[in-house]
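What follows is calculated from the coordinates using simple rules that are stated; it is not laboratory data. Here the structure is a predicted model, which means the values were calculated and not measured. With ideal geometry, Cβ positions are generated from the backbone for all residues, glycine too; neighbour counts draw on all protein chains shown.
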Amino acid sequence: MLPCVYRLQPVLALLFFTLFNLGENCPATCLCPDPHTVDCSGRGLTRLPDEIPLDVRRLLLADNWIPRIPSDFLVLYSDLVYLDLRNNSLSHIEPGTLSTSSRLVFLDLGCNNLTEIPKGTFGESRSLIKLRLGNNPYLSMVNEDAFMGLTSLRELELERNALSGLQVGALSQLPSLRVLRLEGNPWVCNCNFANLFTWLVENSHKLPNGIEGMECSLPTDGRRVPLSQLSQDSFRECQITLTLTDFLIIIFSGISVSVAAIMASFFLASTVHCFQRWSKGAKGDEEESEE
Ligand SMILES: *[C@@H]1O[C@H](CO)[C@@H](O)[C@H](O)[C@H]1NC(C)=O
Ligand SMILES: *[C@@H]1O[C@H](CO)[C@@H](O)[C@H](O)[C@H]1NC(C)=O
């Protein structure tokens, strides 16, 4: 029995050391189920925990009250592959924070308090495959270049935000996009929406329920209509776009009108002048005949 324990000693020591080390590297309030995962979900945290091991790959921070992420966070945790910040109090992301996330594959910022996604927020996050931004009730602005550089992104969630419109460029910049969620936004079907409508019809296979679940409100009376009841024809009035020829015609007719006006006034002035001279001449004649 005893020799056996002796032989096992190094193994036990190693095991103890590993466990001890893990315990030491794990933030006090969190769980670390495996060497690369730190789970701090639902711990009532009001800021990021200290002492997160630098080589963490999966960081679970959902259901807390975290209001901000330092802008160098992903520089520090450059091995992060999976970052879950769902249901926190993030109101904005400092520029550059996510642009260094070279390994990040999954990012959940759903159920926060974000108001806008500015240009180039995700920089060159070429590994990112799934991005969740839904259920941010004040998120009303997504820049046309918000998702620039996300060449691998397959799933994008923007459902139940406050979007009344979205520029098609934001979506057409995503070459790998397969699944897009946009339902539950207060879309307004005005002329700005026309391009998005066309894109959605052409890409309806990327929407989990097609355009079926989506509605927009009419700019005239605010009435909500399902997108499935609209057609390209609904936006017919928006298609009055000016071509170059139209422009040239407008400019040319403007110039012609001005030239005509100048000529007309010149003609009028000369006529008046002639008439005056003529009437003077006539008067002179009269005076002469009187003498
Ligand atoms: C969000 O987090 C809070 C705080 O932990 C929790 O009470 C609430 O149930 C969570 N909400 C959802 C939708 O999970
Ligand atoms: C979310 O943002 C709105 C306005 O932008 C603010 O009124 C509200 O207090 C914020 N909520 C939280 C939980 O930070």
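Overview of results
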item	result
HN-Hα J in Hz across segment 63-69 - Karplus 6.51, -1.76, 1.60, θ = phi - 60°, x for Gly and Pro	6, 10, 10, 6, x, 7, 10
Cα centroid separation, segment 37-96 to segment 183-219 (Å)	33 Å
Length-normalised contact order of segment 59-168 in % [C-alpha pairs under 8 Å, at least 6 apart]	22 percent
Protection proxy ranking of 52-60, 230-238 - average other beta-carbon atoms within 10 Å, highest first	52-60, 230-238
Unit charges on C-beta of K, R, D, E only; dipole of segment 25-96, Debye	220 debye
Rel. contact order, % - alpha carbon contacts under 8 angstrom, at least six apart, segment 100-162	39 percent
Net charge contributed by nearby residues that have their C-beta within less than 11 Å of E183 (K/R +1, D/E -1)	-2
Distant alpha-carbon pairs in segment 13-134 (separation over 18 angstrom), percent	51 percent
